[in-house]
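Right, one structure below, let's go through it.
The values are calculated or read from the model by the stated rules, or taken from the named source; none is laboratory data. No experiment lies behind these values; they were computed from the predicted model shown. Glycine also receives a Cβ, built like all others from the backbone with ideal geometry; neighbour counts cover every protein chain displayed. Just the protein is used for accessible areas: all its heavy atoms, side chains included, with ligands, DNA and RNA removed. Shrake-Rupley method; radii C 1.70, N 1.55, O 1.52, S 1.80 Å.
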Amino acid sequence: KPEHLLQFAIMGNIYAKNVKRKKNPRVAILSIGEEETKGNELTLETSGLLKKANLNFIGNIEGGDVAKSKADVVVCDGFVGNVFLKTSEGIAEMVSKFIKNSIKSNPLYWGAAPFLKLAMKKVKKKIDYDDVGGAPLLGVNSPCIIGHGKSNSRAVKNALIAAARFAKNNINKKIEEEINKFNG
């Protein structure tokens, strides 16, 4: 329901401020176009609620805008969010395989491989979920970080660090207070 997505936006805003240290997080809704008239009924109704909320709501963004960091908090329902994440992971793996296969396909490229490997290592570090550890599950009574099913020991360690930061910043209490204020 639109009210639930509004709550997601409030929770994400609090998390971005207190854990990610964003002073005035940009909140957007994931839609099929940037125009405020685009989207399904849920997106359109939620957009109306977000405009009225005390958030830095920047409007609609498209899937490609997420990777460009056009927003700090991206709101969508769970189905759309999961499809988006799984698609993003698949594209990243596909591009990585394309590059590896391209290098292997031509002996002239082999000489450049050590340099490309260094560059790819830097890129991987920026998008590697092991560095983040997991995503927060907001709206439950205790700090909860959800890790990937393929998480290794480094990812688990980083998820525990994120959970500790979550607890230290008292995120759940802040979320509860803010949502109670909004619900009046």
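Taking residue 80 as the residue in question, decide whether it is touching a Leu at 6+ places or on another chain (Cβ under 8 Å), open to solvent by 50 Å² or more (accessible area, probe 1.4 Å), in contact (Cβ under 8 Å) with a residue 12 or more places away in the chain and under 15 Å from residue 6 (Cα atoms). So residue 80 fails the test.
Every test in (1) part of a helix (DSSP H, G or I); (2) on the phi > 0 side of the Ramachandran plot is passed by residue 161 save one, and that test is (2).
How many residues, within the stretch 42-77, are open to solvent by 60 Å² or more (accessible area, probe 1.4 Å) and outside any loop (DSSP other than H, G, I, E, B)?
Of the residues in the stretch 42-77, 6 are open to solvent by 60 Å² or more (accessible area, probe 1.4 Å) and outside any loop (DSSP other than H, G, I, E, B).
Scanning the stretch 142-179 for residues that are under 15 Å from residue 14 (Cβ atoms), open to solvent by 50 Å² or more (accessible area, probe 1.4 Å) and touching a helix residue (DSSP H, G or I) at 6+ places or on another chain (Cβ under 7 Å) yields 143, 174, 178. If only residues of the stretch 120-138 that are open to solvent by 50 Å² or more (accessible area, probe 1.4 Å) and modelled with pLDDT of 80 or more are counted, the one that is farthest from the chain's Cα centre (by Cα) is 137.
Scanning the stretch 1-41 for residues that are in a helix (DSSP H, G or I) and among the polar types (S, T, N, Q) turns up 7, 13, 18.
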